[in-house]
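Taken together, the values in this text are just the output of simple stated rules run on the coordinates, not laboratory data. Remember, it's a predicted structure, so these values are computed and weren't measured experimentally. Virtual Cβ from ideal backbone geometry, glycine too; neighbours counted across all protein chains shown.
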Amino acid sequence: MKNIIFVCGSLRKGSYNRIYMETMMQHVPEDWNIKEVSFKDVPVYNFDLEGDNEPQAVTTFRDALSEADGIIIVTPEYNTGVPGPLKNAIDWASRVKNKGDRSPLVNRPFAVAGCSPGATGSALSQAQLRQTLTAMNAHIMPGPKLIIGKVHELITPEGKIEDQRSISYMERFLNAFDEYIEKVNP
């Protein structure tokens, strides 16, 4: 079994990215043990809070990431960039509580996906997120990319994604990530 963590880049309960992520979670490979990890309680990064002063929410978030065989981040795009709270959580995860520890981002396989009502989806925020994760020495799956524009047109009035073309893209993305994890960590 592979332990796969999903992180939604939006904190809004009914966000398009949450709906998309929850649909993805219904189509994962059979050998995945999945869970969502939230960063909603992670405070704004502050060097003065590192080490012994680290907030419990930061420790919880970082520990969850360190237990993962792979991490999928599904993120919206805010003003052509990564949502601030998501970037903040990644900044915290890049730091270590104890000297000699290693960030859970280092050498960890990541996949990045996202959607937006805009025509270009979350292409720019995904590019920024990839840049940040690369700086942290994470392994980011190069493709296939999952960038969904006009997502509001794919969501049913009940708040679901049932479009078979979208589900097929999701499954291809998830299976590619499964193979990527094997390649990165045989």
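Checking (1) 0.93; (2) 1.01; (3) 0.96 against the coordinates, the calculated Rg/Rh (Cα atoms, Kirkwood Rh) falls under label (3). Between residue 102 and residue 49, the simple spin-label model (points 7 angstrom out along Cα→Cβ) gives 2.7 nm.
I'd like the distance separating the alpha-carbon centroids of the range 164-186 and the range 82-150, in whole Å. With the range 164-186 and the range 82-150 each reduced to a Cα centre, they are spaced 17 Å. Scalar couplings 3J(HN,Hα) for the range 77-87, obtained by applying the Karplus form with A = 6.51, B = -1.76, C = 1.60 to θ = phi - 60°, are 10, 10, 6, 6, x, 6, x, x, x, 5, 4 Hz; x denotes Gly and Pro. Placing +1 on the Cβ of every Lys and Arg and -1 on the Cβ of every Asp and Glu, with no other charges, gives the range 2-184 a dipole of roughly 400 debye about its Cα centre.
The string of couplings for the range 19-28 from the Karplus curve (6.51, -1.76, 1.60, θ = phi - 60°) is 4, 5, 4, 5, 5, 4, 5, 7, 10, 6 Hz, one whole number per residue in order, with x for Gly and Pro. Using just its DSSP H runs of length 4 or more, each adding -39500 (n - 2.57), the chain gives a mean residue ellipticity at 222 nm of -11500 deg cm²/dmol after division by all residues.
Within the set 40/97; 2/160; 40/160; 2/183; 13/35; 13/150, which residue pairs have Cα atoms separated by over 21 Å?
2/160; 40/160
Its convex hull of Cα atoms gives the range 87-180 a direction-averaged projected area, equal to a quarter of the hull surface, of 7.3 nm².
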